[in-house]
Amino acid sequence: MKSRGSIVILVLVAALLNIGITAGLIYRKGDKFNASAGLLEQKPLPVTLWSFNSTAVDEMVSELKKEKEKLEARETDLGKYAARVEAEKQELEKVRADIEAMRDQMSQAIPRIEESEAKNIKGLAKTYSSIKPTAAVAIFKELDDNSIVKILSFMKAETAGAILAEMSKEQDKEETMAKRAARISDKLRLLEPLKKAAPQA
C-alpha cells in the first residue's frame, strides 16, 4: 500500500512540475506562442504608406500647399486685372459716346444752306444790304445766329463787315453784341457750301 501511494505522489509531483515549467515559459514569452509546442506566433502588421511619417512625404505635401497658394494668388490677380480692363473699357465707351455727342452737337451748330432756301436768303440779303447797318442790326437782334449767318453769306464782304462792326457796338441784356458778332463771324467761317436739294421722285 505504501509503495502504491508513493507512485501516485510521484506522478502528481511530476504533473505539477510540468505545469509549472509550461506556465513559466508562457509567462517569459508573453503573448508569443512557441511553434514547437504546436502554437502560432503573432506576426506584426504589414507596413503601409500611411502607417509611418516620412520627411519626403511631408515636404511633398508642403510644396503642394505652396503651389496651391500661388495659384490662388494668381487667380486673384487675374480677377483684379479683368475688373480693371472692364472698367477701362467702360470708360472708353463713355469717352466715345461723349465724342459722338459733341460731334453731333457741332454738326448741328454749323449752319447749312439748302438749295431750296437759297433764293429766299439771297432776297433777304439784298434787302438788308440796302438799309443802314444800324437798322440791319436792330432786325438781326430778333433772328437766331444761323439765320444771320446765312443772310450775311450772300452779302458783299464790306457790307457784312459794316453790319458786324455796328453789332459789336450794341449792348444786350444777356450778353454783349460784340460776343455775338464774334460767334457769328466764326460760324461764317464754318458755313458749309450750298447743298442742292434732293431730286423729287
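The values are calculated or read from the model by the stated rules, or taken from the named source; none is laboratory data. The structure displayed is predicted, hence computed values, not measured ones. Positions of Cβ are backbone-derived with ideal geometry, glycine not excepted, and every protein chain shown enters the neighbour counts.
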Looking at R96, R112, which one is surrounded by 12 or more Cβ atoms within 10 Å (Cβ to Cβ), closer than 29 Å to K187 by Cβ and modelled with pLDDT under 90? R112
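Kindly establish whether S129 is out of contact with any Pro (no Cβ under 9 Å at 6 or more places or on another chain), within 30 Å of K187 (Cα to Cα) and modelled with pLDDT under 90. It would help to see each step written out before you state the result.
On the way: out of contact with any Pro (no Cβ under 9 Å at 6 or more places or on another chain): yes; within 30 Å of K187 (Cα to Cα): yes; modelled with pLDDT under 90: no.
So S129 does not fit the description; no.
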Is it the case that region 128-143 has a residue that's in contact with a Lys or Arg (Cβ under 8 Å, 6 or more places away or on another chain) and of a type outside the set (G, A, S)? no
Among the residues in region 152-159, are any aliphatic (A, V, I, L, M) and surrounded by fewer than 10 Cβ atoms within 10 Å (Cβ to Cβ)? yes
Return the pair list, or none, for Cβ contacts closer than 9 Å from residues in region 111-122 that are of a type in the set (A, V, I, L, M) to residues that are surrounded by fewer than 16 Cβ atoms within 10 Å (Cβ to Cβ), at least 6 apart or on different chains. I113/E192; I113/P193; I113/L194; I113/K195; A118/L194; I121/S147
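Residue check: is S168 of a type outside the set (D, E), at pLDDT 90 or above, touching a helix residue (DSSP H, G or I) at 6+ places or on another chain (Cβ under 8 Å) and surrounded by 10 or more Cβ atoms within 10 Å (Cβ to Cβ)?
On the way: of a type outside the set (D, E): yes; at pLDDT 90 or above: no; touching a helix residue (DSSP H, G or I) at 6+ places or on another chain (Cβ under 8 Å): yes; surrounded by 10 or more Cβ atoms within 10 Å (Cβ to Cβ): yes.
So S168 fails the test.
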